[in-house]
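The structure appears right after this line, and notes come after that.
The values are calculated or read from the model by the stated rules, or taken from the named source; none is laboratory data. Only a predicted model underlies this, so the values are computations on that prediction, with no experimental measurement involved. Please note: Cβ atoms are built from the backbone with ideal geometry, for glycine as well, and neighbour counts cover all protein chains shown.
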């Protein structure tokens, strides 16, 4: 049959991976597990119905978009009960959303070209996904991502929204970190869609305002455990630093510490958590969590 299809439809592509180019209609031959892509301009509605009687139409869902072994492993871990893929370095999630459907192969190429290192790109649906980036000595900054958004808009005429996650240790908690960040991304993108670039620093205050108390209490508790790891001394140190307007000299006097020792601890905290508390937005987000810790302390005393 496939030889006859090749004669009927010049430009047909038969291969082991699905094709999601806008100009093709893609089908799956379940008998051979091969994908058949036919140029849409060669198909009539009746022909499509006839082909669907013999082959399964391939829709742009996460199941088909995540077709490599690496993608399937991560999708299974993040959304099902699969095991954590083999990973040794700290990593972060770069969440993305397009305001319309895109050319998937071109987007892959753009992301890989932008990061210029090994990444995994996992689709959540046909407009939303996440890039998994391992921590290296070179870390992309906000201005890099803003330039990338502009390039995508220029090249593909679509708006790209990004949420830059924090770096995390490779353990089973990654799934919970991912879920919270997805919620943050969805919440702030709903409230402030025009910004298009987000992070924990900018999103967390908005999440506080838009989330019902019971769920918010769970979120703050989870972030407190992850960021401070129940270290009361660290909470006191960071809170004192923030309450002294992030002035290292003043805070060091209050803490009876040498200024350089405090600076070292603050820098270490920023590196471990990926939250810059010297920045206004980062300071606000962390101060809320410090206040939460103070409430817990009072309730337990």
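The figures follow:
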| quantity | calculated |
| --- | --- |
| Residues of segment 1-17 satisfying the condition of being free of Cβ contacts under 8 Å to residues at least 24 places away in the same chain, more than 12 Å from residue 39 (Cα to Cα) and in a helix (DSSP H, G or I) | 3, 4, 7 |
| Tally, over segment 154-185, of residues that are over 24 Å from residue 85 (Cβ atoms) and modelled with pLDDT of 95 or more | 3 |
| Selection status of residue 94, more than 26 Å from residue 271 (Cα to Cα) and touching a residue at least 40 places away in the same chain (Cβ under 8 Å) | no |
| Among (1) surrounded by 14 or more Cβ atoms within 10 Å (Cβ to Cβ); (2) within 25 Å of residue 135 (Cα to Cα); (3) touching a strand residue (DSSP E or B) at 6+ places or on another chain (Cβ under 8 Å) - the single one residue 72 does not satisfy | (3) |
